[in-house]
Amino acid sequence: MRQRLGIIITIVLAVGVLILINSAAYVSEGEQHDSELFPNRSTYNAGATGTRALHNFLNEAGYQVMRWREPAEQLLSSDGQKVQTFVVIGRTRVSMEEQEARTLLLWVARGGRLVIIDRRPEEYLLPASGEWRVTTEFLDFPLAADATNPEQMTEGMKPVAPSQPTLLTREVESVLPSKFFSAIKIFPLTKEEKKKAEELSKKQEAEEDEVFPDDDDEPPPPKSVGEQSSTGSPAPVVHLETTKGTLLVDYPHGRGRIVLLSDPFIVANGGISLRDNLQLALNVVAAPAGLVAFDEFHQGHGTTHNAFVGYFAGTPVLAICGQIVLLILLVLWTRGRRFARPLPLPQVDRRSSLEFVASMAELQQRARAYDLAIENIYSRTRRVLARYAGVDYNSPRKVIAERIADRSTLSAHQLETLMRQSEDAINGGGISERQTIQLIKRLREIETTLGLRMRSREVKQTAQNI
């Protein structure tokens with residue numbers, strides 16, 4: 001007991017030391033302020049670069065809005081069919097791979113609406129439209145900007161009025177972007193780019209046929225109110241434009257549309273209250289009726305992440321738990337090792353060799369196989385009788401009986417009758433259990449009278465059978 005008490009005390013002390021070391025080594029991270037250099041555009045973020053204000057306003061205003069926390073492939077499932085507009089804001093923390101972008105564009109081509117609000121989106125998120133290519137260009141890079149200071153973010157900027165009255169500029173007199181907005185550039189495609197775009201379009205059609213093989217005859221989805229038909233001009237439509245470059249465009253892709261806004265500051269918590277930025281955000285994000293899904297999967301809030309690990313992330317709890325598990329495994333390993341001489345294996349009492357004989361006898365009795373029981377005994381008895389008479393084993397019963405009668409006091413007739421009864425029972429003649437026992441007893445009596453000794457093993461076997 002003292003030895004175990006010492007082990008328990010040692011383990012408790014070791015765990016305590018580990019907790020103290022981890023607690024002393026842990027340095028809590030101070031509250032990180034949002035910056036335009038490393039923004040957090042999540043709708044969960046209430047800081048200056050977050051979009052929680054926009055999400056909450058849409059939700060409280062009665063719009064259908066949700067946080068999408070699944071991979072892009074789920075947009076092609078039944079859940080994705082409910083989504084009308086998919087919103088990707090800013091440079092996401094989890095980068096969107098090219099394969100995910102192809103899946104997202106496949107969803108757009110089937111009638112979805114993709115809203116990209118970013119200063120420099122990936123090129124594979126901006127497919128060509130007809131003979132036109134859309135891209136963005138940095139005008140100023142936010143190195144030391146204070147995202148919490150709207151005046152500093154908009155220093156030197158003038159309000160931007162709509163280029164033309166459209167659905168996206170409805171009830172918008174002017175918006176105030178940040179000085180770090182990117183200019184959207186629209187270029188005609190070169191011959192090489194046209195060839196590449198055609199190959200990409202064929203590849204997308206093949207992928208769509210592979211994913212949706214039964215949708216060839218499906219009619220196109222109804223158009224959103226105020227939006228241009230996807231069968232119209234593929235040229236991008238400019239909605240907001242400054243002297244430095246375009247700020248807002250949209251263009252068709254398949255049966256859907258892609259909207260590009262090149263300044264996340266307009267919809268962020270720090271800038272949404274300026275001028276008509278909120279109205280523009282509503283027009284861009286929720287102009288058509290339907291469910292609006294904000295991409296939170298690529299903002300680091302995917303449902304595939306372990307909630308328990310995420311809750312204790314950045315704390316010493318996970319390290320302490322891991323070290324405790326290693327300590328327990330070490331104790332189990334040391335306790336399981338042998339430190340003395342090997343102990344002999346336990347000697348198991350072997351059952352008697354007659355166990356098989358007894359089992360067979362019981363099996364024959366349960367199955368009423370009396371002919372088999374007589375055959376097992378009579379075969380041996382006939383063999384010793386033939387040896388005693390000095391004749392062959394296959395000699396007739398009469399010959400064996402007469403020879404034995406000449407050499408003993410037994411009656412030849414009685415011996416021949418006993419042998420015939422035994423052989424008749426073996427060959428299928430009807431016999432009861434009682435007749436079987438009497439027949440076997442008579443065979444044993446003849447062996448005893450003639451002095452035909454059996455080996456000790458056979459004697460035990462006979463006793464077991466009887």
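The values are calculated or read from the model by the stated rules, or taken from the named source; none is laboratory data. In this text, all values refer to a predicted model and were calculated from it rather than measured experimentally. Reconstructed Cβ throughout: ideal geometry from the backbone, glycine too, with neighbour counts over all protein chains shown. Keep in mind that these areas ignore ligands, DNA and RNA; they rest on the heavy atoms of the full protein, side chains included. Shrake-Rupley method; radii C 1.70, N 1.55, O 1.52, S 1.80 Å.
Is it true that R382 is open to solvent by less than 30 Å² (accessible area, probe 1.4 Å), at pLDDT 85 or above and among the basic types (K, R)? Considered against the rule, which asks whether it is open to solvent by less than 30 Å² (accessible area, probe 1.4 Å), at pLDDT 85 or above and among the basic types (K, R), R382 comes out as yes. Looking at region 158-182, which of the residues that are hydrophobic (A, V, I, L, M, F, W, C) and buried (at least 18 other Cβ atoms within 10 Å of the Cβ) is farthest from V238 (Cα to Cα)? Within region 158-182, the match that is farthest from V238 (Cα to Cα) is F180. Among the candidates L54, L104, L18, the residue that is over 33 Å from the mean Cα position of the chain (by Cα), of a type outside the set (G, A, S), crowded, with 20+ Cβ neighbours inside 10 Å and assigned to a helix (DSSP H, G or I) is uniquely L54.
Give the residues of region 392-428 that are among the small types (G, A, S) and either part of a helix (DSSP H, G or I) or loosely packed, with under 14 Cβ neighbours inside 10 Å (or both), sorted by residue number.
If the condition is that a residue be among the small types (G, A, S) and either part of a helix (DSSP H, G or I) or loosely packed, with under 14 Cβ neighbours inside 10 Å (or both), then A401, A405, S411, A412, S422, A425, G428 are the ones that fit.
Of the residues making up region 418-448, those that are within 17 Å of R383 (Cα to Cα) and β-branched (V, I, T) number 4.
Quick one: in region 57-87, which of the residues that are assigned to a helix (DSSP H, G or I) and free of Cβ contacts under 8 Å to residues at least 60 places away in the same chain is farthest from L291 (Cα to Cα)? Looking at the filtered set, the residue picked out is E73. Screening region 429-443 for residues that are open to solvent by less than 40 Å² (accessible area, probe 1.4 Å) and in contact (Cβ under 8 Å) with a residue 60 or more places away in the chain and picking the one that is farthest from Q364 (Cα to Cα) gives L443.
Yes/no matrix, rows are residues, columns are (1) surrounded by 11 or more Cβ atoms within 10 Å (Cβ to Cβ); (2) of a type in the set (G, A, S); (3) modelled with pLDDT under 75:
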position	(1), (2), (3)
H305	yes, no, yes
T315	yes, no, yes
T334	no, no, yes
R351	no, no, yes
L354	yes, no, yes
A358	yes, yes, no
A361	yes, yes, no
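The residue of region 138-157 that is least open to solvent (accessible area, probe 1.4 Å), among those that are touching a residue at least 40 places away in the same chain (Cβ under 8 Å) and not in a loop (DSSP other than H, G, I, E, B), is M153.
Residues checked against (1) out of contact with any strand residue (DSSP E or B) (no Cβ under 6 Å at 6 or more places or on another chain); (2) modelled with pLDDT of 80 or more; (3) within 21 Å of F297 (Cα to Cα):
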{"site": "I7", "(1), (2), (3)": "yes, no, no"}
{"site": "E29", "(1), (2), (3)": "yes, no, no"}
{"site": "P39", "(1), (2), (3)": "yes, yes, yes"}
{"site": "N59", "(1), (2), (3)": "no, yes, yes"}
{"site": "Q64", "(1), (2), (3)": "no, yes, yes"}
{"site": "W68", "(1), (2), (3)": "no, yes, yes"}
{"site": "S78", "(1), (2), (3)": "yes, yes, yes"}
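Pairing each residue of region 96-107 that is within 12 Å of P121 (Cβ to Cβ) with any residue that is aromatic (F, W, Y) and surrounded by 19 or more Cβ atoms within 10 Å (Cβ to Cβ), provided the two are 6+ apart or on different chains, yields C-beta distances under 8 Å for L104/F86. Quickly run through region 81-101 and pick out the residues that are open to solvent by 30 Å² or more (accessible area, probe 1.4 Å) and touching a helix residue (DSSP H, G or I) at 6+ places or on another chain (Cβ under 7 Å). Within region 81-101, R93, V94, E98 meet the criteria. Here G130 clears all of (1) open to solvent by 20 Å² or more (accessible area, probe 1.4 Å); (2) modelled with pLDDT under 90; (3) under 40 Å from the mean Cα position of the chain (by Cα) except the condition numbered (3).
Taking each residue of region 361-373 that is within 15 Å of G430 (Cβ to Cβ) and looking for partners that are charged (D, E, K, R) and open to solvent by less than 90 Å² (accessible area, probe 1.4 Å) with beta-carbon atoms closer than 9 Å, six or more apart or interchain, yields R368/E433; Y370/E433.
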